[in-house]
């Protein structure tokens, strides 16, 4: 792709998110989301591979449907209440419609089916943009809308955590597993959204750090399925010993950063007298933990003393930048002792 | 006039059913043209003549070119219209659905939803849509510039998607 075009498209990505962040008017918020979708599409299809084009088409159809629904809901809101302000949503019908449209945009459980398919067709860098940066703008809107019905968000959240765990169980493709892990984490964020928005924001940022390190490590070891993971110790031994920790951090095991958001969310849910819901959410994290554990097993526990599970690749020096990965993976692994400071930072 | 408006609104709903009933691309495009035309007629009937002119000339003109090309790319030897049973079943289903929904909210919705844009037109200098355009160029200038930039971005997006003859994303197979 021409560098000028690439710069224009990346600028479009930034502009879309900025416009949505800065807007208090539904039309402008919708416009920012549309700019975001438009700008990512050529980036997704840049390899012109049939799988990439198919994934782009699916993404475009899902996002266009969600954006049309959002526009319809905000116009209905303007018709019913006579104003376009994001903060003054009063009628339950447009509020519910907008919540559902944003759920389709970020891929929450009953509306998640496009997400694994789309991510599977992309390369890891574009997939990383799709599962981090593209979530920011819809999330900003979701945080600002006061939900009309408390049950709706709880149902979306708990279904997402369960589906994210179950869906990833039988996958051998890493990008699909990453998509299901994204769905599960978004479910946790949505569960606590109406009780503590700052906690949702904290979870989102922690998820970004964790998934960034995982995507970049897979990119460095050039792995897109479990078989390739089994030989990655021959390519980058030090990284291979770090990746299980990143995976278990995503799964939410205690001495790692990933435990922090889950811990605080469970505490908040218990405070709100939602102990059964908190129990189901905690149990659904076990489902996710299973496939993270299977990835770690394939990566590290099948090393040299055992029989090799795949042919070894030739060892070539890697030319990729590793500094961002180093910072992100240390944050992924050792941020838990800073939990009070992190939580205080996000309380406003 | 009222009879005319009924006809236009009926055409609008039938056109929407024609798009939604999943026919071949030709007929869906035809349905969309029908919807846009009828919608412009409804707008004229309620005092938005300038708006409907803009919609009809620019939007429909641009969309027709796109539709002509995409219909040519996706040409089928046996296109399916309302003559085939699944499509007809869907269309009838949608029309019945609209009828049921209209029957349920009958009497409650149309007073507020269809209002004439300028009441007491003799007392105002400008029509509503013309003054809206003036507002867009004065206080809505920032929005206009952003909109123009987004259209330019869309052009680049389309060019980038369709470049490269045989290996582009859009091609006749």
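Total residues in the range A:229-257 satisfying the condition of being touching a residue at least 60 places away in the same chain (Cβ under 8 Å) and not in a helix (DSSP H, G or I): the figure is 8. So is residue A:46 within 11 Å of another protein chain (Cβ to nearest Cβ), touching a residue at least 40 places away in the same chain (Cβ under 8 Å) and in contact with a helix residue (DSSP H, G or I) (Cβ under 9 Å, 6 or more places away or on another chain) or not? Spelling it out, residue A:46 is indeed within 11 Å of another protein chain (Cβ to nearest Cβ), touching a residue at least 40 places away in the same chain (Cβ under 8 Å) and in contact with a helix residue (DSSP H, G or I) (Cβ under 9 Å, 6 or more places away or on another chain).
Across the range A:24-32, not a single residue is classified as in a helix (DSSP H, G or I), more than 10 Å from every other protein chain (Cβ to nearest Cβ), out of contact with any helix residue (DSSP H, G or I) (no Cβ under 7 Å at 6 or more places or on another chain) and farther than 14 Å from residue A:102 by Cα.
Name the single residue that is surrounded by the fewest Cβ atoms within 10 Å (Cβ to Cβ) among those in the range A:8-23 being within 20 Å of residue A:144 (Cα to Cα) and facing chain B (nearest Cβ under 10 Å). Within the range A:8-23, the match that is surrounded by the fewest Cβ atoms within 10 Å (Cβ to Cβ) is A:15. Mind checking whether some residue in the range A:70-87 is part of a helix (DSSP H, G or I), touching a helix residue (DSSP H, G or I) at 6+ places or on another chain (Cβ under 6 Å), without any contact (Cβ under 8 Å) to a residue 60 or more places away in the chain and within 12 Å of chain B (Cβ to nearest Cβ)? Taking every residue of the range A:70-87 in turn, at least one turns out to be part of a helix (DSSP H, G or I), touching a helix residue (DSSP H, G or I) at 6+ places or on another chain (Cβ under 6 Å), without any contact (Cβ under 8 Å) to a residue 60 or more places away in the chain and within 12 Å of chain B (Cβ to nearest Cβ). Of the candidates A:5, A:40, the single residue that is within 10 Å of chain B (Cβ to nearest Cβ) and surrounded by 21 or more Cβ atoms within 10 Å (Cβ to Cβ) is A:40. Residue-level analysis places residue A:250 outside the set of residues that are over 19 Å from the mean Cα position of the chain (by Cα), within 30 Å of residue A:280 (Cα to Cα), crowded, with 21+ Cβ neighbours inside 10 Å and not assigned by TED's automatic domain parsing to the domain that holds residue A:120. Filtering the range A:49-60 to residues that are more than 9 Å from every other protein chain (Cβ to nearest Cβ) and surrounded by 23 or more Cβ atoms within 10 Å (Cβ to Cβ) leaves A:55, A:59. Which of the numbered conditions does residue A:107 fail, given that it passes all the others? Conditions: (1) surrounded by 16 or more Cβ atoms within 10 Å (Cβ to Cβ); (2) under 20 Å from the mean Cα position of the chain (by Cα); (3) at negative phi. Failed condition: (3).
Test residue B:75 against the criterion of being more than 14 Å from every other protein chain (Cβ to nearest Cβ), part of a helix (DSSP H, G or I), modelled with pLDDT under 90 and within 24 Å of the chain's Cα centre (by Cα), and give yes or no. It is false that residue B:75 is more than 14 Å from every other protein chain (Cβ to nearest Cβ), part of a helix (DSSP H, G or I), modelled with pLDDT under 90 and within 24 Å of the chain's Cα centre (by Cα).
The values are calculated or read from the model by the stated rules, or taken from the named source; none is laboratory data. On a predicted model such as this, the values are computed, not experimentally measured, just so you know. Every residue, glycine among them, receives a Cβ derived from its backbone with ideal geometry; neighbour counts consider all protein chains shown.
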